[in-house]
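Notes follow the structure.
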Amino acid sequence: MPRLTLYVGPLSLFSRKVEIALREKNLEFEQILVPFTQERGYTPRHPAVTAANPKRQVPVLIDGGQTLFDSTVILEYLEEQYPEPALYPKDPQAKARCRLIELEADEILFAPVRHLLYRTEPPPPDAERRAERDAEGKRAEADLQVQFAGLDRRLGDRFYFCGDFSAADIGMFMTVLFTQRLKGPPLSDHTHLARWYARMLDRRSCAQAAEEIAATDRRLSP
């Protein structure tokens with residue numbers, strides 16, 4: 001039996017972040033998919049998740065006697081407990097920049113993505129509410145275009161955000177993946193970002209996450 005157990009949601013961006021990190025570090029783990037539907041979300045919540053995480057959210061990682069939640073906390077734990085191959089720079093300032101980019105992916109780039117999630121959910125019966133959600137989606141797309149342009153400039157000709165492949169790339173990849181999954185703005189107008197995204201999909205760990213999400217959408221999303 002693997003030492004590591006990971007509770008994940010089938011369409012949880014943050015769960016997939018942790019899976020990519022585990023696979024990049026060549027760590028075996030048991031994946032436990034918690035129940036999810038587009039109609040009810042995670043209700044009823046998985047009892048192991050509610051017992052481990054006061055926020056009642058996935059991912060939850062169990063490593064022997066250690067239980068952790070929050071994808072960023074889990075990634076930083078994995079880096080300290082299983083340091084090779086490294087997913088963070090060694091230099092303190094470079095490591096701080098890496099953490100900030102991951103934070104940007106989770107909390108700044110993802111903020112407008114929340115307003116696109118309705119695109120895989122059953123439409124509400126109320127026409128006015130449907131129109132409101134469409135308007136919110138258009139505003140979110142405009143916000144994402146601005147953020148994509150900024151990311152494209154910052155990347156330039158670099159292969160990865162922090163020089164070498166890192167947690168920053170994992171976080172950004174998953175959020176950008178969701179923008180494309182939810183039919184947000186295409187990346188074709190942002191050459192450097194589009195090349196980086198294609199490069200990420202060439203990594204086995206990232207490709208597997210993308211393929212599993214696509215398969216889940218075919219099964220669960222209208």
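The values are calculated or read from the model by the stated rules, or taken from the named source; none is laboratory data. None of the values given here were measured: they were computed from a predicted structure. FYI the Cβ positions are ideal-geometry reconstructions off the backbone, even for glycines, and counts take in every protein chain you see. These area figures cover heavy atoms from the full protein model, side chains too; ligands, DNA and RNA do not enter into them. Shrake-Rupley method; radii C 1.70, N 1.55, O 1.52, S 1.80 Å.
Only Cα sites of region 1-120 enter the Debye sum here, all with the same form factor; the resulting log10 I(q)/I(0) across q = 0.09, 0.10, 0.22 1/Å is -0.27, -0.33, -1.36, listed in q order. Karplus-derived 3J(HN,Hα) values for region 21-26, using 6.51 cos²θ - 1.76 cosθ + 1.60 with θ = phi - 60°, are 4, 4, 6, 5, 8, 6 Hz; glycine and proline are entered as x. Using a 1.4 Å probe over the heavy atoms of the protein chains, calculate the carbon and sulfur portion of the accessible area of region 16-74 as a whole percent. Summing carbon and sulfur atoms, their accessible area is 51 percent of the total for region 16-74.
Consider all pairwise Cα distances in region 86-192 and report the whole-number % of them above 18 Å. Provide the component values of the computation, followed by the final result.
On the way: 2970 of 5671 pairs.
Every Cα pair in region 86-192 considered, those over 18 Å come to 52 percent.
Comparing 156, 108, 94 along the charge dipole axis of region 42-181, the residue lying farthest to the positive side is 108, per the Cβ-charge model. Dividing the convex hull volume of the alpha-carbon atoms in the chain by its residue count gives 127 Å³ per residue.
A viscosity of 1.002 mPa s and a temperature of 20 °C, combined with the Kirkwood radius over Cα pairs in Stokes-Einstein, give a translational diffusion coefficient for region 136-181 of 185 µm²/s. The listed residues 187, 100 rank as 100, 187 when sorted by accessible area, largest first, using a 1.4 Å probe. Within a Cβ distance under 14 Å of residue 107, other residues only, what is the Lys/Arg minus Asp/Glu net charge? Taking every other residue near residue 107 into account, the sum is -2.
Taking Lys and Arg as +1 and Asp and Glu as -1, the other residues whose beta-carbon sits under 14 Å from that of residue 33 total 0.
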